[in-house]
Amino acid sequence: MRAMILAAGLGTRLGVLTEKLPKPMLPVNGKPLIEYNIINLVKHGFTEIIINTHFLPEMIRDFVGDGSRYGATIKYSYEEELLGTAGGVKNVEMFFDEKEPFLVLYGDLLTNQDLTALLQQHIQKKASATLILHQRNNSNSLVKLEDTGIISGFVERPSDSEREKYPFPWVNSGIQILQRDILKELTTGEFADLPRDVYPNLCKNNTLYGLPLSGERVAIDSPKRYEAACRIAESWR
């Protein structure tokens, strides 16, 4: 199975922590964040991986290498200009099989989520995309999940009025299984965002599904959450 780690972000919200270090290379309890993600991907059978890069790309390439020490084959896609979550995937579209699902993981996550369960539901429901969801107040996304697993509402970057109008309890976790054909409306080389430019349309077509988070997950987007990630990783030892 194939997967992509989105590792091109600048990590500016982490301040001095990422001034001279790509965010996926942040040390989490003794080893880079990206290594946790590669290990979890391989554990669940995602052994062909592509990583997009932008800021100090050589630091990621030099550490990860070709993936052989993880039991994986790893390739890289350098973005001279940031393309966004959907644009980055579209840029390497031909890496993915036309019909076989693939996984996309936000590179600032520390997680031990069961990716096999995510893949199984995706296949069972014949979904266009299946997202891991969790519950959190004041998130950047609002998601309405039905008992059938269908996501019937998806609002990205909601305004205060939208938060009142759509009091959905679920939010996007940044872990997803996709089909390649959802990228067909995007233009290669142009900036595009999965939550903003892709998921709302799939929601209208009833082909967007969700699965509640069953493992641990923290997005390292602030010094406070970086500390939380280090504590979680320590507990795994």
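The values are calculated or read from the model by the stated rules, or taken from the named source; none is laboratory data. If you're wondering where the values come from, they're calculated on a predicted model, not measured in any experiment. When we count neighbours, we look across all protein chains shown, and the Cβ atoms used for this are built from the backbone with ideal geometry, even at glycine. SASA here: full protein model, heavy atoms, side chains in, ligands and nucleic acids out. Shrake-Rupley method; radii C 1.70, N 1.55, O 1.52, S 1.80 Å.
So what is the orientation-averaged projected area of segment 97-206, using the convex hull of its C-alpha atoms, in nm²? Please list the in-between numbers first.
Numbers: hull surface 30.6 nm².
About 7.7 nm², averaged over all directions.
Here, P(r) means the percent of Cα pairs in each 10 Å bin from 0 to the largest distance; for the chain it is 8, 33, 40, 18, 2.
With q set to 0.24 Å⁻¹, the log10 of I(q)/I(0) for segment 160-206, from the Debye formula over equal scatterers at the Cα positions, is -1.08. For residue 214, the residues whose amide H sits under 5 Å from its own are 114, ignoring neighbours fewer than 5 places away on the same chain, with H placed 1.01 Å from N. Based on alpha-carbon atoms, the Kirkwood radius and the radius of gyration of segment 1-81 give Rg/Rh equal to 0.96.
Under a Gaussian network description of the chain, with springs only between Cα atoms under 10 Å, the residue in 56, 119, 21 that fluctuates furthest is 56. Rolling a 1.4 Å probe across all protein chains gives residue 80 an accessible area of roughly 150 Å². A crude spin-label estimate for the pair residue 225 and residue 42, with each label 7 Å from Cα along the Cβ direction, gives 2.7 nm.
Based on the inverse mean of 1/r over its pairs of different Cα atoms, what is the Kirkwood hydrodynamic radius of segment 193-237, in Å? It is 13.2 Å. Volume per residue for segment 45-116 equals 109 cubic angstrom (convex hull of Cα atoms). Probing with 1.4 Å while keeping every protein chain in the model, the per residue accessible area of the chain equals 48 Å².
Residues 203, 230 ordered from highest to lowest accessible area at a 1.4 Å probe: 230, 203. So how far, in whole Å, is the C-alpha centre of segment 160-205 from the one of segment 10-34? Value for the Cα centre distance between the two parts: 26 Å. Using only side-chain charges placed at the Cβ, +1 for Lys and Arg and -1 for Asp and Glu, the dipole size of the chain relative to its Cα centre rounds to 540 debye. The stretch between residue 181 and residue 216, if pulled fully straight at 0.36 nm per residue, gains 9.6 nm over its current Cα-Cα span.
Among 128, 214, 68, the largest mean-square fluctuation in a Gaussian network model of the chain (Cα springs under 10 Å) belongs to 68.
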